[in-house]
Amino acid sequence: MAPVPEPSRDARLQQRRRAQRRLQRQRHGFWRSLGRDNRVFPRKLVVTRQGRWIIGIAILLGVGAVNTGNNLLYLVLSLLMSIIAISGVLSELNLRSLRVRRTAPRELDVGEPALWRFEVENRKNRASFSIEVDEMTSDDALTQRPGLLLHLQPQEAGTCFAVVRAERRGPIATVGLRISTTYPFGFARKSMVVEVPARVLALPAVAEVEVPLQGSRSRGEQERSPKAGVGSELRGLRDFRAGDLARDLHWKVSARRGRLIAREWESEAARQVQVEFIHLAVAADQGPEQHDDACATVAGVCATLLAAGRAVGLRTLQGEVAAAAANEGAQLLQIRRQLAQLTPADLPPPADWPIDDDTWLLRRQAAEAWAARRRGGADFAASDAFAAQARWAMQGGGTSAGVDAARGPQPGLEAPIAGGQVRVVVRFVQHEALPLAGPAPDLCLWLDERGVIVRSEQPLRAPQAAA
């Protein structure tokens, strides 16, 4: 039987577009999805509770007027219909000739409110009243309290602030800016959408985690450095130089040699810890948001190690951050950025996951290779050659051939764990049966499906022979 050919790039992208439209209809319904389209409905209208009362009263008056022929009922009905029509005309005039600009951060912290600044300019010769501005999103990734401008004079610019909070980790795409008003009577909320899309990255929270890492069986390679610098270990003696501290002078040796001799110290460097996160799917229908708590736990592990003065790096099945400890806050930020981008490695990313088409295709191809590798019972580790190969491909170094399980590891793609590095592996208890590649870790942290550490192990690690 001939093998089934794989779909082409254009075919897969068409599948993604169809899936995006299907998800939007499922999320908002057909009519609301149609109403969000600016080409079909340039103005959006939502009737408020007061408006529903007015419409209900108008219907009752109309029924009564037709049945009774009472001129007074017709007069009151005409008055209500005129008020509704005037409300629509005034609200339309209120929204015209408005220009809005946003000033928003590129990154958000999940669960933490942030202020987004909007500048609204009224370019018409009439005043505008009760203007609200917020972001329009395709999902519920953002919770917002819109910014409000009560009054804008003609040719005036005003500033308002919206309170925005990210509800999930990962990239978040907005459709544009929504300008709405309930002016004049509050019967309906009329809005227009300015199609200025934006993308923000929601960083995972940092959970408070205790890391039971007492130390590895071998000293870290960078715990002591052969370079001269400011430290506590004596490196040797040398002639005194301009700029040296007087307390570094070795007076006895100076007196014996007849010239000033100073102590030279070894430069101290932090011990390296490599944290590996095996982020395979726990369930077949799992989405990226199901890993939010686990990513918060991994970020907490890295934060605890950084606070202890370690040089911490992160390796995942989709990317890595080199170990560093020069700036604790900057290194933790890089780690959280990497964690924010993660999806279950053995599942294709959702069609509406806001990443570009090339990255989406590469992640899908890598996920298919990971799934085949998992079904075959192969070893898993974020530091093995296959993981490095998949990361290299997803970073733009290759195509689907770069993550083909049949080809095996390619030379030059692997960056193995150094012999003196401390290796910390974080994985789910549901994957306990999957073997772990590479040397035994110094610490293994087991997570449940909620991302909570339920068990920690420090297996014995055989000492590595010197080269």
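Readers should treat all values here as calculations from the given coordinates under stated rules, not as data from a laboratory. Predicted model, so just to flag it, every value in this text is computed and none were measured. Virtual Cβ from ideal backbone geometry, glycine too; neighbours counted across all protein chains shown.
What the table below lists for this structure:
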item	result
Prolate/oblate/rounded call for region 159-211, Cα gyration tensor, a/c under 1.5 rounded	prolate
Residue exposure sequence - Phe428, Phe41 - by fewest surrounding Cβ within 10 Å	Phe41, Phe428
Chain lengthening between Met81 and Arg117 when straightened (0.36 nm per residue, less Cα-Cα)	9.1 nm
Residue-by-residue Karplus 3J(HN,Hα) for region 180-194, coefficients 6.51, -1.76, 1.60, Hz, glycine and proline x	9, 8, 10, 5, x, 10, x, 6, 8, 9, 9, 9, 9, 10, 8
In sequence order, calculated HN-Hα J values of region 138-152 (Karplus, 6.51, -1.76, 1.60; Hz; x Gly/Pro)	8, 9, 9, 6, 10, 9, 10, 10, x, x, 10, 10, 6, 8, 10
Amide H within-cut-off set for Val110, under 5 Å, with H built and near neighbours excluded	Leu203, Ala205
For Ala437, distant residues with modelled amide H under 5 Å away	Phe380, Ala381
Over region 34-203 - Rg/Rh using Cα atoms and the Kirkwood inverse-distance radius	1.09
